[in-house]
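S.K.: One structure follows; several queries about it will come next.
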Amino acid sequence: MSGRNRRCLRSSCLFFVALCSLHLLAQTPATGEAPQSAPANEAASPQSTRLLANSNVKLGIGDLIEINVFGVPELSIKTRVSGSGDIYLPLIDYVHVAGLTTDEAQELIQKRLEAGGFVRGPHVSIFVNESASQAITMVGEVNRPGAYPAVGERRLFDLISAAGGFTEKAGRIITIEHHADPDQKLELHLTSNNLAEDTKDNVDIYPGDLIIVSRAGIVYVVGDVQRPSGFLVSEDNALSVLKALALAGGGTRTSALNKTRILRQTPTGIQEIPVSLKKILYAKAPDVALVKGDILFIPGSAGKAAAYRTADAAVGLTTALAIVAVHP
């Protein structure tokens, strides 16, 4: 026998011995039972949490997944789902997993391992490291809305930061729709727009989730006032006519207080509501509550009022105003 043939034969024998050793190792647990539950102190470990968080996640092309076979570390592998939706695993060749949930893929791999006689009573777990197929979507009042990759463990404030933070018109209500359970929406009411002060709402975000950042209500004060502005308001911080006027620095000497009116958007168009501002200032009439979207219009003298004589012109004044947050 030539030297080359002897070397080939020796390599083949070594591979066969290694394969047999792996097979014997997999059969070592004579009972063939699934692993016992982890002790209580291990149940709260980061790895256990991560595995639980990825339970029953649907797999797709481009996903990076980690596969572990209990008792057979040699078969543990980290791989990415190919463009055809397959993954390659030692011993059992290619497995099509795209479109399957992690639970379904685990069961399929277990059956293939047992049917091939490679592992007796296999217990397989799959963790999704990166979900390219189920990006996390940010919409609403963030500076860069769009889809963001679900890489590793993600939390709400991480995603808000990745999206460039809140816009100046962002409200304090954030709605999260979980991909795994779209009927159950999580609504968070931030106590502050400063995320560092509101860590209790920094919840886990999972692949496929939709995050909606609400738009705060805005009340505009325009016309003959010191500082025409738009003021952000929330459910727990309503504005009245007097408070809105004070925030705008008050009127001027030429303000026509008796011609003040509220311009309110309705399904049928703009409604004009007269306000007896002079009587309100002298406590001869009750203050009037404003609602989100209202425009408090205080005209000036007769000459200036002519420039603002239509509601549409007053509405147009709001486009270039600075938006100011109102703190309780």
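S.K.: Of everything in the range 166-196, what is in a loop (DSSP other than H, G, I, E, B) and surrounded by fewer than 11 Cβ atoms within 10 Å (Cβ to Cβ)? Give them in sequence order.
M.R.: Matches in the range 166-196: ASP181, ASP183, GLN184, ASN194.
S.K.: Which condition number in (1) within 22 Å of THR191 (Cα to Cα); (2) in a loop (DSSP other than H, G, I, E, B) is the one that VAL233 fails?
M.R.: So the condition that VAL233 fails would be (2).
S.K.: Sticking with this one: Going by the conditions given, is PHE118 over 12 Å from the mean Cα position of the chain (by Cα) and in a loop (DSSP other than H, G, I, E, B)?
M.R.: Yes, satisfied.
S.K.: Among VAL203, VAL225, VAL213, which is the only one that is in contact (Cβ under 8 Å) with a residue 40 or more places away in the chain and over 20 Å from GLY146 (Cα atoms)?
M.R.: VAL225
S.K.: Look through ILE67, ILE126, ILE87, ILE136 and report the one residue that is in a strand (DSSP E or B) and in the same structural domain as GLU168 (by TED's automatic domain parsing).
M.R.: Answer to the selection: ILE136.
The values are calculated or read from the model by the stated rules, or taken from the named source; none is laboratory data. This structure is a prediction, so every number in the text was calculated from the model and none was measured. For neighbour counting, all protein chains shown are included, and Cβ atoms are generated from backbone atoms with ideal geometry for every residue, glycine included.
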